[in-house]
Amino acid sequence: MKHTHRIYTRLGFLFAALGVILGAFGSHTLAEFIGEAELNTFDIGVRYQMIHAIAIIVLSLNHRKFDEKKLQLALGLFFLGIIIFSGSLYLLATRSIWGDDSYKIIGAITPLGGIAFISAWLILFFKGFLPDVKVELPSSENKSEQTRSRRRHRSSQPEKSTE
């Protein structure tokens with residue numbers, strides 16, 4: 001993944017920080033301006049953003065355990081899911097503040113963010129992990145032959161003079 005995992009780790013940190021900010025904003029400020037149902041919708045967006053921000057962080061920090069292409073796809077889907085799912089819920093919950101009901105159509109794309117989340121989890125479940133690599137230790141016969149070979153090699157080299 002070269003350094004892609006670092007980018008996703010940082011994005012995960014950013015999404016987590018924004019989730020805390022939005023959660024505090026929702027419970028302290030937004031509650032005065034919107035109803036309970038809208039506040040619940042906003043909180044669902046925050047919850048899913050935090051869960052998937054943590055998933056991005058954990059997965060990108062453990063990138064060596066996963067198939068590179070599958071992990072990048074899953075991380076990209078988590079990123080997209082946060083933007084589409086949580087973002088659309090934030091817009092839906094606050095549309096009465098903006099005085100514009102045109103955001104109602106946004107509700108139609110919210111499931112696409114959910115599908116992105118589900119797809120990412122399923123990709124990781126079915127194809128995410130790298131296969132276990134068996135490391136064969138040399139048998140005792142091979143080991144002693146290797147040791148003898150090293151000894152022969154050392155003894156055939158001319159000794160260095162210490163003059």
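The values are calculated or read from the model by the stated rules, or taken from the named source; none is laboratory data. In this text the structure is predicted, and so the values were computed from the model without any measurement. With ideal geometry, Cβ positions are generated from the backbone for all residues, glycine too; neighbour counts draw on all protein chains shown.
Which residues, counting only those in the stretch 1-51, are of a type in the set (D, E, K, R) and under 25 Å from the mean Cα position of the chain (by Cα)?
Scanning the stretch 1-51 gives K2, R6, R10, D43, R47.
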Problem - Breaking point among (1) of a type in the set (A, V, I, L, M); (2) farther than 30 Å from F125 by Cα; (3) in contact with a Ser or Thr (Cβ under 8 Å, 6 or more places away or on another chain); (4) part of a helix (DSSP H, G or I), for I34 - result: (4)
Completion exercise
Filtering the stretch 21-34 down to residues that are free of Cβ contacts under 8 Å to residues at least 24 places away in the same chain and β-branched (V, I, T) yields I21, T29
Problem - Selected residue (criterion: surrounded by the most Cβ atoms within 10 Å (Cβ to Cβ)) from residues of the stretch 94-114 that are at pLDDT 85 or above and not in a helix (DSSP H, G or I) - result: T94
Practice task
Check I56, I21 and return the single one that is exposed (fewer than 13 other Cβ atoms within 10 Å of the Cβ), modelled with pLDDT of 95 or more and assigned to a helix (DSSP H, G or I).
Solution key: I21
